[in-house]
Amino acid sequence: MASKAGFEASNHAIPCNTTVPGYKCVTPVLGHYLEPGTISLYISSLSSILSFFMSLSISAVADHGSYRKTLLIAFSVLGCINACAFFIIYKPSLFWVGAILSPLGWTFFNIAGVFSHSFLPLYGRAHPEVLSAESRGESLAIIRKIQEQKINDLSAMSVVVANIGSVLIHGFCIGISWSMKESSLSLEIAIAFSGVWWLVWMVVIAPWLDARPNEPLPEGTNWVVYSWSKTYKTLTSFRKLPEIFKFMIAWFILSDGINTIPAILFIILYRELAFTHTHSIIISVLLALMASLGAYLFMVIRKYWSLTTKFMILLCLGFYSLLMAYLVIAPYFSDKAGLRTVGEGWACTVYIGLIISTFYSSMRVMLSELCPVGDENEWFSLYLLADKGSSWLGPFVTGAIYTYVHDYRKAFWFPLGLIVLGVIVLLRVDVDLGKDQAREFAREKKERCRQGQQQATGYFK
């Protein structure tokens, strides 16, 4: 829509003709002419910043009572309403409405994801095999190993099921796009259907989702003030939890690098290799299929050789590094290699799809292992904050690189550097020591709460 509202790059008096293959256009935004691809990158940065502050203002509340489940449903409702609101954009000049709705939609989705992912360590600790091992009096090392494998299994199978759902919904979207000749209205219908799908399935599973409530939130508590103060206390506890903080630093670096890769890839596909709206939906389906296949294959490999979560993360990062090395080095030796053909575009999509789910799944599992009991939602919120707090940088740097060198391929040097740096930090994380620190932190917190309750009881007596 931003392209249709723009003008020819060579002559700002001529409206942009998006039907011309390889069109070069710019769009006026706040007194400046921007290439439409960079607009999407800047909007992505805005989404990250908004998610950062919204999550920080509500995260700690969900660790009390049954708010985790309640807020998950609430943000699903908001996400559905937001998706349906895209029908407001009935002409290209209203592309700025999409620039508002898109960050809001991503924020609702990201925060709902925090509440959803925070169930992972809870269900892992309550797995029947873990409870059975505890009842048999198994050693702490054996219990932790069983718990790690079960959380990995749960995370991996969740990815598989989620991607099956993604394939189903994208099948509908492809049908709409083809039947309506790839019109903008077809995309709005697809977005609205996605929001309705999200809410309907949330309502369906809600009755069976065990809330597993924690201690209640004190009455009259200001949610925003409480969340910010609780987050501050958590951040200042790095001396007691150094290993999880090392992990968060690694995640802060790696998430930006990994998120930037598909952003650059898709811009090249759409802007230079003439991929269409229908192609974009097919890519989404292909990514979902490959992600399901990759998650299952990596799960089989992990279970067969009893590999640790940390090793699986490093393995995925190794595969990412190989791809980045090819994309940044190949163009120096050939003008037909390094993402310059449609075939390479599809091959890169398949390659990324096979490893992306395992990487994100394994990172969530590692956090589940390192976070203290009772603070799951707070740490998964910080996990989102570390992700979104850094992910604005990749799109911003990519847009800046293109502005100066006019070649998106050279921007792949940036995620490659971040991956190398992130691996160096991740190698310094001692997972077993981190588990001990989390256990001791939770014990001390529980003891402080008990003493506080005793003091309050004595005061009222």
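Per DSSP H run of at least 4 residues, take -39500 (n - 2.57); add these up for the chain, divide by its residues and hand me the 222 nm value, nearest 500 deg cm²/dmol.
Working: 16 runs with 334 residues, N = 461.
Mean residue ellipticity, 222 nm, calculated: -25000 deg cm²/dmol.
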Report task. For the range 239-289, state what percent of all Cα-Cα pairs lands in each successive 5 Å bin, counting from 0 Å until the bin that includes the largest distance. Result -> 5, 16, 17, 16, 12, 10, 9, 7, 5, 3, 1
Query raised in the report: All other residues with a Cβ under 13 Å from the Cβ of Ser3 taken together, and with Lys, Arg as +1 and Asp, Glu as -1, what is their net charge?
Result: +1
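Taking the Cβ of Gly22 as the centre, find all other residues whose Cβ is under 9 Å away and add up their charges (Lys, Arg: +1; Asp, Glu: -1). Display every interim value, and only then the final one.
Working: positive: Lys24, Arg271; negative: Glu272.
Net charge in that neighbourhood comes out at +1.
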Query - Solvent-accessible area, 1.4 Å probe, carbon plus sulfur percent, for the chain - result: 70 percent
Query raised in the report: Under 20 Å Cα-Cα from Lys4, which aspartates and glutamates qualify once same-chain neighbours fewer than 8 residues away are excluded?
Result: Glu35, Glu182, Glu188, Glu272
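How long is the gain from Ala9 to Ile424 if the chain were fully straight, where each residue apart is worth 0.36 nm and the alpha carbon distance is subtracted?
Details: separation 415, 0.36 × 415 = 149.40 nm, distance 4.26 nm.
The span from Ala9 to Ile424 would gain 145.1 nm if fully extended.
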Query - Cα centroid separation - the range 150-178 against the range 50-119, whole Å - result: 20 Å
**Report entry** Hz values of 3J(HN,Hα) by residue in the range 257-264 - Karplus curve (6.51, -1.76, 1.60), Gly and Pro given as x
**Finding:** x, 5, 5, 6, 4, x, 4, 5
Query raised in the report: In square angstrom, rounded to the nearest 10, how much accessible surface does Lys435 have for a 1.4 Å probe?
Result: 20 Å²
**Report entry** Whole-angstrom gap from the range 328-345 to the range 236-261, using each part's C-alpha centre
**Finding:** 33 Å
Query - Degrees between helix 223-235 axis and first principal axis of the chain (Cα, 0 to 90, nearest 10) - result: 80 degrees
Query raised in the report: Taking H as built 1.01 Å from N, whose amide H comes closer than 5 Å to the amide H of Cys25, not counting residues under 5 places away?
Result: Ala9
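What are the trypsin sites (Lys or Arg not before Pro) within the range 303-408 that DSSP puts in a loop, where the Cβ has at most 13 other Cβ atoms within 10 Å? Can you show the working numbers first?
On the way: sites: Lys303, Lys310, Lys336, Arg340, Arg364, Lys388; in loops: Lys336, Arg340.
Sparse-neighbourhood loop trypsin sites (Lys or Arg not before Pro): Lys336.
Distance cut-off 29 Å, Cα to Cα: go down the list Lys230/Lys435; Lys240/Lys303; Lys303/Lys410; Lys69/Lys91 and report the pairs above it. Write out the running numbers ahead of the final one.
Details: Lys230/Lys435 21 Å; Lys240/Lys303 32 Å; Lys303/Lys410 38 Å; Lys69/Lys91 38 Å.
Violating the 29 Å Cα-Cα cut-off are Lys240/Lys303; Lys303/Lys410; Lys69/Lys91.
How many Å³ per residue does the convex hull of the Cα positions in the range 196-336 occupy? Present the calculation step by step, with values, prior to reporting the outcome.
On the way: hull volume 35.6 nm³, N = 141.
Per residue, the Cα convex hull of the range 196-336 comes to 252 Å³.
The values are calculated or read from the model by the stated rules, or taken from the named source; none is laboratory data. Just so you know, these numbers come straight off a predicted model, no measurement behind them. Because the Cβ atoms are built from the backbone with ideal geometry, glycine has one as well, and the counts that use them run over all protein chains shown. These area figures cover heavy atoms from the full protein model, side chains too; ligands, DNA and RNA do not enter into them. Shrake-Rupley method; radii C 1.70, N 1.55, O 1.52, S 1.80 Å.
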